[in-house]
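Some notes on the structure that comes next.
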Amino acid sequence: MNSSPAISVRELSKVYGRGLFGAEGVTAVDRVTLEVARGQVFGLLGPNGAGKTTLVKMLLGLARSTSGAAQLLGQPVGDPAVRRKVGYLPEGHRLPPYLTGVQMLELFGQMCGCEREQLRKRVPEILEQVGMRDAAKRKIREYSKGMTQRIGLAQAMIHEPDVIILDEPTDGVDPVGRAAVRQIVQGLKERGATVFINSHLLAEVELICDRVVIMVKGKVVREGAIDELTPRTGRYRFELHPVPPNLRVILGDLGAGFEAHASGFELQLSDAELDQCIDKLRAAGVSIRGVLARRLNLEQAFIQLVKAGQQGAAS
Amino acid sequence: MNTTIARSLLRDAYYQVVDNLGFRILAVLFLLPALFLLLVGFREDGIWIARYWRWDYADWLPDAAAAARALTPTDIAEQRLKLLESLVDVVLYAADQYGTLFGIAAIAFFVPQMLERGAADVVFSKPVSRLALLLSRYVAGLVFVGLLTLVLVGGMFVGLWLTSDYVEFGLLWSVPTLVYSFAVFHAISCTIGVFTRSSIAAILLTIVFMPFNCGMSVWYESHAVQQHEEAQRVERGEAPRERDLTGMALDTFVDAYHLAMPKTSDGMLIAKKLRKRVERQEAEFSDEELGLSVAEAPSGFTRDVRSSFHREGVAWIAPHPSGGGEASWRFKRESVERAGKRSDVVKQLRKDLGVEAKLVTLSGVSANRFEWREKRGEEERLRRKWVAQLDDTLLLIDYDAEAKWAEDAANEHAARVFAAGWTIEAPTARRLEAQSYDGLFGWDAPWRFNAALSVGTTLLFIVAMLALGWWRLARIDF
């Protein structure tokens, strides 16, 4: 198996020319470097105008880079042969309205090098997978937004690519559909495919992705695993049985920010105080059913990072 | 690009075309002439509607004198052919002009739509080169017009064949020539579409270019004929015409424009010439110099291979079933210098035969027709003779058959059918045509009138247009 990363980006920049002869440049992507290992589910996050879509378009050869280099599966991104191994679902995509779902999948499958025989088997499978079997023979212009998104996802996967780039894959999809998309991404991961997701739905990303990159104003401000990006807050949630009525007395002046709830309490504790807290509860004969260290969720971490990134860029 | 991708792009082009509303409307419009020709038959014995009602051609002739005169088979055939040819020409002209216009309007969005945000991202992220995608949209346009032209020309061909008993294979040349003309404007539309990414701009700019280019062609045609006449004058030893600097600059400009830009009006001309060539190739006998063509041999007659048009005359001979002398048709040419003028020959024949001649027209050319009987041994022979003059050449046509055999209804009908197949181009018309752009235009003509150069440079223009479109497309950041 090839050991090169699925996606490798080195010092990649894109400056759009503006004004007469493009003299006033706007930097959409600023010396971005990142690497996505094979088989990973990777999230690309950032506020609007962060340069995420431009980065994706450079990876697919839809836009030319101003400087730097990018490789897909160890090959330069401009090579059409490497695009055969890549599937792409763009944000706000428009599929040929004059085709039916089946015709469109056959067309794009063949454009990616699949033979008709192969597609005869593959098309019903993928339609089943995205829940579009019943609407497969209708023209795409008759599809609802959710259906268009599903069939768009199908076209990205029709040729069983090694890398799939999904730009807002759950946009316009209902909760049931979102769960189905998550399941599809999970399936792709199990198959060994690399999934690169560009999404605003941080909860989705948190559930699906192994690693994420956060971009602000064309630059990468943070990269890491979900756990690394969501640090512990120092608050702990205790689940007790039964909840003693004199809980505040048992704990005394331990910790800060006490909050009681139906099945226990939450408290801000240092590591040493955590041990003391457990000892006190056990000494009082309280049964501890669970202790959960609270973390920032991805959305909170994202907002913090974006604000810091914007302040840094401004200064 | 492998064959799988090429096939898929072609299939996509087909789907895009048949789904197009403009295509459907034009297909219905283009079917109308074919349906008309299936319903209305222009046959030798009159005009037939749904093979049930019939009118005589004489009822429709505008010329009262001609209607009053007994119509010869050649007259009827001439009127019928003129009618059918005019009908076909009008439909093809309309298809070339309006069909191209509507076609461009109907498909100008193919390229801009492909380049729209969202659509471009999907298509251009596939492992297919941008050139292939541009060409696929270009081919979609050609499929569009190709199918419509097949409906129109194929439908008319079948209609004329089934209902009017008129088979003209040359008509089928109109399919590639109509596509050729459209291919030029479609290439322009595609390139404008790439540069502007706007359907409206593609339609408007192409439509503005169409009459402009047509106007330039008209200017060029008159300029080319003038240049030709000038060259002939110089050849005759006359002094060349004085041209000032502006005149010379204009001459150079119009020549340069003609060489560089597409020559779509030549397309129709090429189609017309190809149609004529097919007719001539199909003819039983033709003489280019005299503009004479005989469509087919008289029924039951065989051409005498030893006979020569320039000596004793080209002859078709049939043995009589009764065992008498053979029947013959003979076409002969004589120089006026040797045989005398037509009026002198007619006068002499009138005197020798003792019969009056009827004034008739042979395919638009005035002629005298004699009919008489003569004894040859035991047999009574029916003789007919036509005398026509084409510039300084006499055309003499002779019919000689045993009278009873000739008067048999079937044989008389065969003679009429044979006569209906004669085509003679009037010398004045031939002379005028020979000095016009249409007449001078040909595959082996000088460069100003050369069809191969016209087609070659036009195809080069198409390639250059598409290359320009590709150059721009390769530089677009989606």
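The values are calculated or read from the model by the stated rules, or taken from the named source; none is laboratory data. Note that this is a predicted model, so its numbers are computed, not measured. In this analysis, Cβ positions are derived from the backbone assuming ideal geometry, glycine residues included, and neighbour counts consider all displayed protein chains. The accessibility values were calculated without ligands, DNA or RNA, using every heavy atom of the protein model including side chains. Shrake-Rupley method; radii C 1.70, N 1.55, O 1.52, S 1.80 Å.
Within chain B, which whole H helices from DSSP have a Cα span along their axis of at least 20 Å and a mean Kyte-Doolittle hydropathy of -0.5 or more, if any?
TM-like helix candidates: B:3-18, B:21-39, B:73-94, B:130-149, B:174-196, B:199-235, B:245-260, B:451-473.
State the volume of the convex hull built on the alpha-carbon positions of chain B, expressed per residue in Å³ and rounded to an integer.
204
Summarise the partner chain shielding of B:124-134 as one whole number: the mean count of Cβ atoms from other chains within 10 Å of each residue's Cβ.
Mean number of neighbouring Cβ atoms from other chains: 6.
Which is the longest part of chain B that has none of the trypsin sites (Lys or Arg not before Pro) sitting in a DSSP loop with at most 15 other Cβ atoms within 10 Å?
My reading of the result: B:342-474 is the longest stretch.
Angle, helix A:145-157 long axis vs. longest principal axis of chain A, Cα atoms, 0 to 90°, nearest 10?
Taking the Cα atoms of chain A, the angle to A:145-157 is about 70 degrees.
Assuming R0 = 35 Å, can you tell me the calculated FRET efficiency for the pair residue A:179 and residue A:296, based on Cβ-Cβ distance, to the nearest 0.05?
Calculated value: 0.90.
Given the -39500 (n - 2.57) contribution per DSSP H run of 4+ residues, what per-residue ellipticity at 222 nm results for chain A, rounded to the nearest 500 deg cm²/dmol?
For chain A, the value works out to -10500 deg cm²/dmol.
Quick one: accessible surface of residue B:379, probe radius 1.4 Å, all protein chains present, in square angstrom to the nearest 10.
Here the residue's solvent-accessible area equals roughly 40 Å².
Expressed as a whole number of Å, what is the distance separating the alpha-carbon centroids of the stretch A:144-192 and the stretch B:219-247?
Here the answer is 72 Å between Cα centres.
Summing Lys, Arg as +1 and Asp, Glu as -1, what charge do residues with Cβ under 14 Å from the Cβ of residue B:26 carry, residue B:26 excluded?
Overall, the nearby charge balance is -1.
At most 15 other Cβ atoms within 10 Å and a DSSP loop assignment: could you name the GluC sites (Glu not before Pro) in the stretch B:327-357 that fit?
Hits after loop and neighbour filter: B:356.
Considering only C-alpha atoms, what is the centroid distance from the stretch B:330-385 to the stretch B:398-463, in Å?
25
Output the relative contact order of the stretch B:386-457, whole-number percent, from Cα pairs under 8 angstrom with separation of 6+ residues.
14 percent.
Give a quick list of GluC sites (Glu not before Pro) in the stretch B:215-284 that DSSP marks as loop, anything other than H, G, I, E or B, with at most 14 other Cβ atoms within 10 Å.
Filter output for the stretch B:215-284: B:238, B:242.
Do the sum for chain B: with -39,500 (n - 2.57) for every DSSP H run of n ≥ 4, divided by all residues, what is the mean residue ellipticity at 222 nm, to the nearest 500 deg cm²/dmol?
The helix-only estimate for chain B comes to -18500 deg cm²/dmol at 222 nm.
If you take each beta carbon of peptide A:89-96 and count the beta carbons of other chains within 10 angstrom, what is the mean?
That average works out to 6.
Treating the angle as unsigned and between 0 and 90°, give the value, to the nearest 10°, between the Cα long axis of helix A:101-111 and the longest Cα principal axis of chain A.
So the inclination is approximately 70 degrees.
Enter the angle in degrees (range 0 to 90, nearest 10) between the Cα long axis of helix A:175-191 and the first principal axis of the Cα atoms of chain A, meaning the one along which they spread out most.
Helix A:175-191 and the main axis of chain A meet at about 80 degrees.
Residue A:219's amide H: which non-local residues (gap 5+, or another chain) put their own amide H closer than 5 Å, with H modeled 1.01 Å from N in plane and none for Pro or chain starts?
Counting only residues 5 or more places away or on other chains, the set is A:30.
Inside 10 Å of the C-beta atoms of B:114-121, what's the mean count of C-beta atoms belonging to other chains?
That works out to 5 on average.
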